[in-house]
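I have a structure here, written as structure tokens, and I will follow up with some questions on it.
Each value in this text was obtained by applying a stated rule to the coordinates, not by laboratory testing. Because the structure is a prediction, the values reported are computed rather than measured. Because the Cβ atoms are built from the backbone with ideal geometry, glycine has one as well, and the counts that use them run over all protein chains shown.
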Amino acid sequence: MKVLKIADGIHMLTMNVEDILFEGIWEIVNGVTLNSYIVQGEKTAIIDGVIGWDGIPETLYKNLAEIGVEPKNIDYLIVNHMEPDHSGWISNFRKIKEDFTVICTDKAAKMVASFYGEDKIRVVKEGDTLDLGNGKVLSFHPVPNVHWPDTMYTYERNSKTLFSCDMFGTFGRMGEHYFDDELTPEEIEFFEFEGIRYYSNVMATFTPSVKKAVEKAKSLEINTIAPGHGPVYRKNPQKIIDEYSRYSRYAEGAGKNEVTILWGSMYGMTAKALDYAENILQREGVKYNKLQMPLESDSEMVATVFKSAGIIIAAPTYEYRLFPPVAAALDELGRKKIKGKAAFRFGSYGWSGGAEKELSEIIERNKMGWDFIESVEFEGAPRKEDLIKIETRVLELIKKMKEKVVE
Ligand code: FEO
């Protein structure tokens, strides 16, 4: 865990977490940071807590001591969001201190009570304030469904710091650099992909709410954005606001100028057609990513499809339906409400078809509204006429996806 100064009387405590499944689902190969913030006026508040995961309050208490904060002197625990990656240490803290107040929204209050048995709670609503003394005034701004219904921003008026919790967060461990102005070009690129991974895995389902939260952030005068995960933005907070706007458009069908191929093949017939399609993409100079299912993690699959403007599904019929690992991937994309992508499917069948029917069912059931070019299905191995059709339709896909490119 590290302690860093954000402004006079405001510090960040941050720790890297590795080798976990985030939310018990997402394999995050590059880890994630949990950030917590201390605001010191005459009274002291801690915003979110970072020790829920390792269960070692001593780590937190040692770091608090470094900045002259005695845990017993913390007056307020501000729970921007009840998910235990931010709040999991409350019970440990209660063991050493009786008289602190939890500050949170009404929706969080219910869960703080049911998860941790807390009842000394002050419920806040839009615009409520807490004066900590010495010029430190916090105001509270609910941003529901970012990512749970209970979430809020906390804003410190004097330093114009926005504590945004999950909003404006990214996956990815931090090494030596914690602020946007310290990041090397490689780290900027790293956090851009980890931001896309985080948004697509955790936030995409809530895109309409994220868009409202972007607008709410724009209504505040912000010098610094201090999120619950990832770097702090003090040089150019507008950059992460703009990136979140772009990600929300990716969830609605826009994407980078690239194709993602989601594929599987039982005995190489669909793979033969895929080789052909890849040659066309190469010939046309189109960047593409190739994900063989079920070998890719859901985290990587969702992030890569999410950021692409064009999708090729290369998958055969399997037992009257769509090749199951590809069907499962599409269902996951549907749950994440990744909509409106330009897409094209081709694939082989043997004694019967059925893949197309299930593909339509998945797209309909999840209201994905993907914009499909007519599919190409072939019995057994692809023939020359099948490959010619695939070429024509890959070219159509490239044209269609260009209309959706947002870099
Ligand atoms: Fe960082 Fe929704 O938890």
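Once you keep just the Cα pairs under 8 angstrom separated by 6 or more residues, what percentage relative contact order results for the range 102-260?
Averaging sequence separation for qualifying contacts and normalising by length gives 21 percent for the range 102-260.
Next up: Counting only DSSP beta bridges with both residues in the range 2-251, what percent are antiparallel, rounded to the nearest 5?
Numbers: 32 of 46 bridges.
Bridges in the range 2-251 are about 70 percent antiparallel.
So, by mean Cβ neighbours within 10 angstrom, what's the order for 334-343, 105-114, 22-31, 176-185 with the highest one leading?
Details: 334-343: 21.1, 105-114: 19.0, 22-31: 15.3, 176-185: 13.7.
Taking the mean over residues of other Cβ atoms within 10 Å, the ranking is 334-343, 105-114, 22-31, 176-185.
Here's something else I'd like to know. In square nanometres and to one decimal, what's the mean projected area of the convex hull around the Cα atoms of the chain?
Values: hull surface 80.2 nm².
Projected area, direction-averaged: 20.1 nm².
So what are the three principal axis dimensions of the range 258-398 from its Cα atoms, in whole Å, longest to shortest?
Between the extreme Cα coordinates on each principal axis of the range 258-398 lie 37, 36, 26 Å.
Calculated FRET efficiency, residue 328 and residue 134, Cβ-Cβ r, R0 45 Å, to nearest 0.05? Don't skip to the end; give the middle numbers.
Details: r = 55 Å, r/R0 = 1.22.
The value I calculate is 0.25.
Straight-line reach from residue 125: which aspartates and glutamates have Cα under 15 Å away, leaving out those fewer than 8 places along the same chain?
Answer for residue 125, where 15 Å is the Cα cut-off: 106, 150, listed by chain and number.
Tell me the angle of helix 324-335 to the major Cα principal axis of the chain, expressed in degrees between 0 and 90 and rounded to the nearest ten.
40 degrees
State the Cα centre-to-centre distance between the range 146-166 and the range 329-394 in whole Å.
So the two Cα centres are separated by 42 Å.
Using a Förster radius of 45 Å, what is the FRET efficiency between residue 212 and residue 384 based on their Cβ-Cβ separation? Nearest 0.05, please. Write down the numbers at each step before the final one.
On the way: r = 52 Å, r/R0 = 1.16.
FRET efficiency, residue 212 to residue 384: 0.30.
Out of residues 5 or more away from residue 6 or on other chains, whose amide H comes under 5 Å of its own, with H placed 1.01 Å from N in the peptide plane?
11, 12
Ranked highest first by average number of other Cβ atoms within 10 Å, how do 281-292, 84-95 line up?
On the way: 281-292: 14.6, 84-95: 19.0.
The peptides rank, most packed first, as 84-95, 281-292.
Also, I was wondering about something else. Looking at the range 98-243, I'd like the Rg to Rh ratio, where Rg is from alpha-carbon atoms and Rh is Kirkwood's inverse mean 1/r.
Numbers: Rg = 15.9 Å, Rh = 16.2 Å.
Looking at the range 98-243, the ratio lands at 0.98.
How long is the gain from residue 59 to residue 125 if the chain were fully straight, where each residue apart is worth 0.36 nm and the alpha carbon distance is subtracted?
Numbers: separation 66, 0.36 × 66 = 23.76 nm, distance 3.22 nm.
Residue separation times 0.36 nm, minus the Cα-Cα distance, leaves 20.5 nm.
Can I ask one more? For the chain, set up a Gaussian network in which alpha carbons nearer than 10 Å are linked by springs, and say which option among 214, 79, 143 fluctuates the most.
Most flexible of the set in this elastic network: 214.
Counting Lys and Arg as +1 and Asp and Glu as -1, each charge on the Cβ, what is the dipole of the chain about the Cα centre in debye, to the nearest 20?
Working: 51 positive and 63 negative charges, 184 e Å.
Around 880 debye, computed over the chain.
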